[in-house]
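To start, the structure itself, in structure tokens.
The values are calculated or read from the model by the stated rules, or taken from the named source; none is laboratory data. Note that the coordinates shown come from a computational prediction; the quantities given were computed from them, not determined experimentally. A quick note on method: Cβ atoms are made from the backbone with ideal geometry, for glycine too, and the neighbour counts reach across all protein chains shown. Side chains included, ligands, DNA and RNA excluded: accessible areas come from the protein's heavy atoms. Shrake-Rupley method; radii C 1.70, N 1.55, O 1.52, S 1.80 Å.
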Amino acid sequence: MDMLASVARIVATINYYLSYPSLIIFLGTAIILTIKNRFLQIRGFPRFIKLVSHGIRKQKIQSKAKTLSSFQALLSAMATTIGMGNIVGPSVAISLGGPGALFWLIIYIILGSATKYTEVTFSVFTRTVTNNGDIIGGPTQYLKLISHKLAFWYAILTIFLFTGWSALQVNTLASIWAQEGVPHWITGLLAALILLIVVFGGVRRIGFFASRIVPLKFLLYVIFALLILAKNKQMIGFAIKLIFTSVLNPMAAIGGFAGATIFAAMREGIYKSIFITEAGVGTSSISHALANVERPSDQGILAMFSGLADIFLCTLSGLLTLVTGVWTSGKLNNTLTYEAFKINAPPGGRIVLVISILLFVITALIGNTYNGSQSFASLTRYKYVNWYYFIAAIIAFCGALSNVPLLWQLMDIILALVAIPHLIGLIVLAFTYPHILRK
């Protein structure tokens, strides 16, 4: 136990010192690309509406290529970004960085959408098709425009990142189901089995699964979250005021209010926002590379405005955490939102949350595993991918039994090691190949 505590302290120290340069680069890149793309978050909204209402022109690609429709690719990507992070991330950020952390979380979603647009557009433009029709896309492909070594570094680290994120998702599910009397190992086994059944069905089964489940899990969670907020409507105004007053006067529920700083609020809000949106990490662009679109920037526009769903869900989760008071419980765990539902939900609400959380976790788990397989495939040219699926399932099972704070810290370190070189590369690409962003 002492050894585990020592490891946790070392990991926390490394994470603390890495957080300074990584936050500057994440936020700085988002601002630079927002300016470079001429504030496309505002300027591109009419184009987004047109794409949604009129559809997207398909590209004439190899007939055997295993593509998805533009919206199936979008929903496959959203299967990972709309996951447990939207439910757990805001509550953890608020517990560590105070209510002001929710402000920074949303600010980064808005600014980071320009980063996501750039990632997805380059991902679609640089994707390759293997002899078997499998598509390899994402940062492992577009980073090759700068350096093959940089692409190799990204591929190696994201294999660990995706499996770690999956472990976090399953751990959350296991922690919540444990309060309903389900042993951790059973939850882990169920998640691993569902994962294998879906991923062995290939990319089209993954796309079909995501296109059916993502809207369902979204609606289930939103309906019951709104019911709880309506029940506590007198506290909503106070919670919103607390968010804005805490931006410059931060306070955290964990570790003592006096120890909170503005940087802590920024760090927790932005880091959890990165975990939720994957903007700057490049990982969500992997699924988007499967989209059968004529113009790469069309898929980039769809990806950019998918952040609206993240903003909505994170605001709901953050307000739930604040209006119900669970953030002041003095605990740091990934079940705070569940506790808010358990105490405040109408009859049946708790069961609905348990079911919707299963859907959130499974879709994120499948999306993470597919994305990780793409990083793996970029190194092996699609050899031994089935072995990767088995390993990912084993790690997902082990995630149900993991130490939560240590796992969060480890993932933040790997995230920084992945993102810092990736973001620098992304800026180089945006200024070296600006014509691609306009295609």
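Below, the figures for the structure above:
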item	result
Any hit, segment 261-273, residues being aromatic (Phe, Trp, Tyr), at pLDDT 80 or above and within 18 Å of Ile24 (Cβ to Cβ)	yes
Leu410 modelled with pLDDT under 85 and under 19 Å from Leu189 (Cβ atoms)	no
Any hit, segment 98-118, residues being open to solvent by less than 10 Å² (accessible area, probe 1.4 Å), more than 30 Å from Ala239 (Cβ to Cβ) and touching a residue at least 24 places away in the same chain (Cβ under 8 Å)	yes
Where Ala93 falls short, out of the listed (1) among the hydrophobic types (A, V, I, L, M, F, W, C); (2) at pLDDT 80 or above; (3) open to solvent by 10 Å² or more (accessible area, probe 1.4 Å)	(3)
Given (1) in a helix (DSSP H, G or I); (2) farther than 18 Å from Leu406 by Cα; (3) of a type outside the set (Phe, Trp, Tyr); (4) modelled with pLDDT under 90, index of the condition Asn171 fails	(2)
Hits in segment 335-349 (condition: assigned to a helix (DSSP H, G or I) and modelled with pLDDT under 70)	Gly349
Selection count where residues are among the β-branched types (Val, Ile, Thr) and within 19 Å of Thr34 (Cβ to Cβ), scope segment 268-301	6
Hey, Thr277 buried (at least 24 other Cβ atoms within 10 Å of the Cβ) and modelled with pLDDT of 85 or more or not	yes
Sole residue being assigned to a loop (DSSP other than H, G, I, E, B) and either at pLDDT 75 or above or among the aliphatic types (A, V, I, L, M) (or both), chosen from Leu319, Leu332	Leu332
Residue match in segment 180-200 (condition: outside any helix (DSSP H, G or I), open to solvent by 40 Å² or more (accessible area, probe 1.4 Å), at pLDDT below 80 and not aromatic (Phe, Trp, Tyr))	yes
